[in-house]
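The values are calculated or read from the model by the stated rules, or taken from the named source; none is laboratory data. None of the values given here were measured: they were computed from a predicted structure. Here the Cβ positions follow ideal geometry from the backbone for every residue, glycine too, while neighbour counts run over all protein chains shown. When the accessible area is computed, the model is the full protein with side chains, heavy atoms only, and any ligands, DNA or RNA have been set aside. Shrake-Rupley method; radii C 1.70, N 1.55, O 1.52, S 1.80 Å.
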Amino acid sequence: MIRTIWFLAKVAIVVAIAIWLVERPGHVSVVWQGYVVETSFAMMVLILAVALGAAAVLYRLFRALWTAPSDIARYSRRRKRERGYRALTRGMVAVAAGDAGTARRMARKADGLLDEPPLTMLLQAQSAQLAGDEDAARRYFTAMLERPETAFLGLRGLLNQALRAGDRVEALALARRAQRIQPDTPWLLATLVDLEARAGDWAAAESTLQQAVQVGAVTPEEGRHRRAALLLERSYEAERRGRDDAADGHARAANDLLPGFVPAAARLARLLVKAGRTRKAMKVVQRAWRQNPHTELADAYREAIGAYDPLARAKQFQKLASYAPNHVESHLAVARAAMDAKLWGEARSHLTKAMEIEPSHRVYALLAELERGEHGNDEAAQTWLAQAASAPADPAWTCRACGHPAHAWSGLCESCGAFDTLEWKSPSLALHLTAGEHTRTGANTNLPTVIEAAR
Ligand SMILES: [Zn+2]
């Protein structure tokens, strides 16, 4: 609309000028070098206007010709970049789709077309990895370390390679180097905690874990569990170095951090017994028993009251059981103590209750022992033991990662080396999940130890 008005206005101005000139006729005479040009004033204005217009057109043409080479160069550069980015995009899509051939071709093409090493190097490394060429990938990742903007990505690539190859020493060094560049990266902190713990660097792992919880890489609940595991390992380490005070302090910290965490309570109780503080040890076990009755706590309690006579010990176990009166572990603990004190009737009644709640190897093994102890009846004992063989397996500390059942709790799995993966559960369940060859051997080798443990 505005353009139309503007156009009409321009036409009106030209018409007005034309009318003005026609209404005021004049005469122009030019004499030059003997030539005489005579014309009207209006015609001269027209000739001047046409001459100016022609000059403007000529000037533009000349300029276009003058700048053409650089324009063409700029255009071809832009085309090249566009093609480069297109190749890069197609390469990244191919990596995501797992198409190694296309990825590699596009990576090479993008590298030739683009002057953007940070982008093309990563694509080249990824496509090399996709094609299974780890050596080439390592070369690209290593080259990425030389530029500050790609160093972190390069370290990440090398770290993942080291982890896959199982080279934890190299992985730890790379992870620490990467952490210096980007200290708060969640995945890196989580990996670093694991690597430091696996390397037995408990103190470093503890401080990294704190950071990992702060940035949300590890949930607070998980963080507490891992920290308790780290503190327990620090406690074992301190004891090995003869620093009993530190061993005690770390175990106490773990127990305070995670009340009811059996390894922590049992560990603290044992250290207290070692220091001659049996009353305090009993208190620790009783408090944990309220939350989590457990056979290892019963063992620690037995050590704490070792100096008592059998009848007094049976009484102490009744007191312990009163913290969780209906739990199968309470019945089993009292039954064992009662058998030691030859209180056969009480033992039988608790074993019967344990059997009702959860029949297991241990219950049958204790019943066999009861038959031998009370009546000297070997035949009945054999019958119970035969039933023990087909009873559900007793729980054990079992690795969540590899399914290996451990003899005792530890921060690191003795089979696969994973950190804080031991859970108290029935090994038969875990062995189901792992390779078939373990199933048989695991179940069979467990039986004698279970009976041994029940004695
Ligand atoms: Zn494991």
Quiz item: Which of the residues spanning region 201-228 are within 15 Å of residue 421 (Cα to Cα) and assigned to a loop (DSSP other than H, G, I, E, B)?
Solution: 218
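With in contact with a Lys or Arg (Cβ under 8 Å, 6 or more places away or on another chain), modelled with pLDDT under 95 and assigned to a helix (DSSP H, G or I) as the only criterion, which of 102, 120 stands out?
Going through 102, 120 in turn, just one is in contact with a Lys or Arg (Cβ under 8 Å, 6 or more places away or on another chain), modelled with pLDDT under 95 and assigned to a helix (DSSP H, G or I): 102.
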Quiz item: Among 3, 63, which is of a type in the set (D, E, K, R) and loosely packed, with under 10 Cβ neighbours inside 10 Å?
Solution: 3
Exercise. Might you let me know whether region 261-272 holds any residue that is hydrophobic (A, V, I, L, M, F, W, C) and surrounded by fewer than 16 Cβ atoms within 10 Å (Cβ to Cβ)?
Key: no
Quiz item: What are the pairs, 6+ residues apart or on separate chains, where a residue within region 115-137 that is under 15 Å from residue 150 (Cβ atoms) has its Cβ under 6 Å from a residue that is acidic (Asp, Glu)?
Solution: 118/149; 120/111
Quiz item: When you go through (1) under 18 Å from residue 94 (Cα atoms); (2) part of a helix (DSSP H, G or I) one by one for residue 132, which number turns out not to apply?
Solution: (2)
Quiz item: Out of curiosity, is residue 190 of a type in the set (A, V, I, L, M, F, W, C), open to solvent by 40 Å² or more (accessible area, probe 1.4 Å) and closer than 19 Å to residue 401 by Cα?
Solution: no
Quiz item: Looking only at region 405-419, which residues are more than 11 Å from the ligand (Cβ to nearest atom), open to solvent by less than 40 Å² (accessible area, probe 1.4 Å) and either free of Cβ contacts under 8 Å to residues at least 40 places away in the same chain or not aromatic (Phe, Trp, Tyr) (or both)?
Solution: 411
Quiz item: Out of 241, 226, 168, 180, which single residue is of a type in the set (D, E, K, R), surrounded by fewer than 21 Cβ atoms within 10 Å (Cβ to Cβ) and under 18 Å from residue 412 (Cβ atoms)?
Solution: 168
Quiz item: Does region 73-89 contain at least one residue that is part of a helix (DSSP H, G or I), surrounded by 15 or more Cβ atoms within 10 Å (Cβ to Cβ) and among the hydrophobic types (A, V, I, L, M, F, W, C)?
Solution: yes
Practice problem: Being open to solvent by 50 Å² or more (accessible area, probe 1.4 Å) and closer than 14 Å to residue 178 by Cα is the filter here, so list the residues in region 113-153 that pass it. | Solution: 142, 146, 147, 148, 149, 153
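May I ask you to list the residues in region 270-281 that are part of a helix (DSSP H, G or I) and out of contact with any Leu (no Cβ under 8 Å at 6 or more places or on another chain)?
Of everything in region 270-281, those that are part of a helix (DSSP H, G or I) and out of contact with any Leu (no Cβ under 8 Å at 6 or more places or on another chain) turn out to be 270, 271, 272, 273, 274, 279.
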Quiz item: What single numbered condition from (1) loosely packed, with under 15 Cβ neighbours inside 10 Å; (2) within 21 Å of residue 424 (Cα to Cα) fails to hold for residue 302?
Solution: (1)
Practice problem: Name the residue, out of 335, 324, that is in contact (Cβ under 8 Å) with a residue 12 or more places away in the chain, surrounded by 23 or more Cβ atoms within 10 Å (Cβ to Cβ), among the hydrophobic types (A, V, I, L, M, F, W, C) and touching a helix residue (DSSP H, G or I) at 6+ places or on another chain (Cβ under 9 Å). | Solution: 335
Quiz item: Of all the residues that make up region 375-404, how many are in contact (Cβ under 8 Å) with a residue 40 or more places away in the chain and either away from the ligand (no atom under 16 Å from the Cβ) or among the basic types (Lys, Arg) (or both)?
Solution: 5
